[in-house]
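Engineer: First the structure, which I've put down as structure tokens, then a few questions once you've had a look.
The values are calculated or read from the model by the stated rules, or taken from the named source; none is laboratory data. Quick caveat: nothing in here was measured; it's all calculated off a predicted structure. Glycine gets a Cβ as well: all are built from the backbone with ideal geometry, and neighbour counts include every protein chain shown. Just the protein is used for accessible areas: all its heavy atoms, side chains included, with ligands, DNA and RNA removed. Shrake-Rupley method; radii C 1.70, N 1.55, O 1.52, S 1.80 Å.
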Amino acid sequence: MTSDARALRDAFGAFLTGVTVVTAVDDTGSPIGFTANSFTSVSLDPPLLLVCLAKTSRNYAALTGAKGFGVNILSEGQKDVSNAFARPVEDRFAAVQWQRGPFGSPVFAGVAAWFDCAMHAVVDAGDHVILLGRVEAFDNSGKTGLGYARGGYFTPALAEKSLLASAECLFLGAVAVRNGEILLVEDGKGGWTLPFVEKAEGDGMEVLERHVAETAGLTLTTGLLYSVYEDTQTGRQHVVYRAELGQGAIRNGRFFPIQAPPVAEIADSAVRDIVKRYGAESTLGNFGVYFGNQEKGRVHAVAAKG
């Protein structure tokens, strides 16, 4: 343990978080806001969330005296919005399209989700205060959120761009589930694997969705990043997402219970580990993100929701 504030802050920064912009209106009716990654869902009943605010913040008086506040979870394409609200820019709100939410706080267009909250409580917490908000209205766009860790941004798109620069080829894959079951496809060797498709530099996520539609006959909705790994034997990079499958009859492949996949019939060790980890994590609803190769790496924990 250390008393060095900088070292402690760096240690806190090892935790992967999303990026939000917290908003409110001051006593003149003008919008105010700041970038924050100290956001946590607290309760579903009643619907509560929290953010932390430094007592030295220039927004301290306005936020702690406001009737409520908004939380905008930025999507992966909104790094510029995050930067604008993290710096002393004269008109931060010029960087984003916004409107007043149903309860009055500014909410942004293009975000992964927004919450318009009534102030539930302000709790003293050392050199910060905790703002507890009761959710009065919200919207969820389904977009992937912007990530942040160790002082830098992280998004699946940035990861893929980096991988493409150094990899001979890049494959997109999906842990595709429906009604408590996971989709596995034949690996061509008498066993099972996850759906994968090779991604060219100009391709987007639609190439994976189209691949599953054409081979399995099912719609695929990709979600959050789940695993990024290199097969050092083949030089292939893999980016795997969590995904949901639509209803309908399957054309190719087979569904297996998430908690009882045929691990002995999955020859690829990396795929086997992914399937086993997903089964374990799904029991808690708390999913991590793996970075490494087919033999070793690290799972970065992501906070469970609500």
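Engineer: Quick one: order Thr23, Thr221, Thr64, Thr40 from most to least accessible surface, probe 1.4 Å.
Structural biologist: Solvent-accessible surface, decreasing: Thr221, Thr40, Thr64, Thr23.
Engineer: For the range 208-276, what % of the accessible area comes from carbon and sulfur atoms, probe 1.4 Å?
Structural biologist: On the range 208-276, the fraction of accessible area on carbon and sulfur atoms equals 47 percent.
Engineer: In debye, nearest 20: dipole of the chain around its Cα centre with unit charges on the Cβ of K, R (+) and D, E (-)?
Structural biologist: 440 debye
Engineer: Moving on to the next point. Quick check: residue separation of Glu198 and Val89 times 0.36 nm, minus the Cα distance between them. What number comes out in nm?
Structural biologist: Length gained, Glu198 through Val89: 35.0 nm.
Engineer: Could you pull the accessible area for Ser75 with a 1.4 Å probe, rounded to 10 Å²?
Structural biologist: The accessible area of Ser75 comes to roughly 10 Å².
Engineer: In 10 Å bins starting at 0, how do the alpha-carbon pair distances of the range 1-113 split up by percent?
Structural biologist: 13, 43, 33, 10, 1
Engineer: Between the range 193-265 and the range 102-145, what is the separation of their alpha carbon centroids in Å?
Structural biologist: That distance is 33 Å.
Engineer: Divide by every residue of the chain the summed helix terms, -39500 (n - 2.57) for each DSSP H run of at least 4, and state the resulting mean residue ellipticity at 222 nm, rounded to the nearest 500 deg cm²/dmol.
Structural biologist: Theoretical 222 nm ellipticity from helices: -5500 deg cm²/dmol.
Engineer: Another one. Considering the chain as a Gaussian network with a 10 Å cut-off on Cα pairs, which listed residue, Ala94, Ala137, Ala109, attains the greatest mean-square fluctuation?
Structural biologist: Highest fluctuation among the options: Ala94.
Engineer: Let me ask something additional. What's the whole-number percent of alpha carbon pairs in the chain lying beyond 34 angstrom?
Structural biologist: I get 31 percent for the Cα pairs in the chain exceeding 34 Å.
Engineer: Moving on to the next point. How high is the relative contact order of the chain? Use alpha-carbon pairs under 8 Å, at least six apart in sequence, and give a whole percent.
Structural biologist: After rounding, I find 15 percent.
Engineer: Turning to a different aspect of this structure: Write down the accessible area per residue of the chain in Å², having rolled a 1.4 Å probe over the full set of protein chains. Each step should come with its number before you reach the end.
Structural biologist: Numbers: 15830 Å² over 306 residues.
On a per-residue basis, 52 Å².
Engineer: I need the calculated FRET efficiency for the pair Val263 and Val207, taking r as the beta carbon distance and R₀ as 25 Å, to the nearest 0.05.
Structural biologist: 0.35
Engineer: Taking a probe of 1.4 angstrom, what is the accessible area of Trp98 in Å², to the nearest 10?
Structural biologist: 90 Å²
Engineer: Let me ask you something else. Please give the length that would be gained between Ala249 and Asn140 if that part of the chain were fully extended, namely 0.36 nm times their separation in residues minus their C-alpha to C-alpha distance (nm, one decimal).
Structural biologist: Length difference between fully extended and current span is 36.4 nm.
Engineer: To continue, here is another question. The range 216-306: percent of C-alpha pairs farther apart than 22 Å?
Structural biologist: Across the range 216-306, Cα pairs with separations above 22 Å total 34 percent.
Engineer: If the cut-off is 18 Å between C-alpha atoms, which aspartates and glutamates fall inside it for Lys55, apart from same-chain ones fewer than 8 positions away?
Structural biologist: Asp26, Asp124, Asp127
Engineer: Right, something else. What is the spin-label model distance, in nm, from Ala280 to Asp124 if the labels are put 7 Å beyond Cα along the C-beta direction?
Structural biologist: A separation of 4.3 nm, rounded to one decimal place.
Engineer: Which of the aspartates and glutamates could be linked to Lys143 by a straight reach, that is with a Cα gap under 20 Å, when you skip same-chain ones fewer than 8 residues away?
Structural biologist: Within the straight-line cut-off, Lys143 pairs with Glu76, Asp80, Asp116, Glu160, Asp203, Glu206, Glu209, Glu244.
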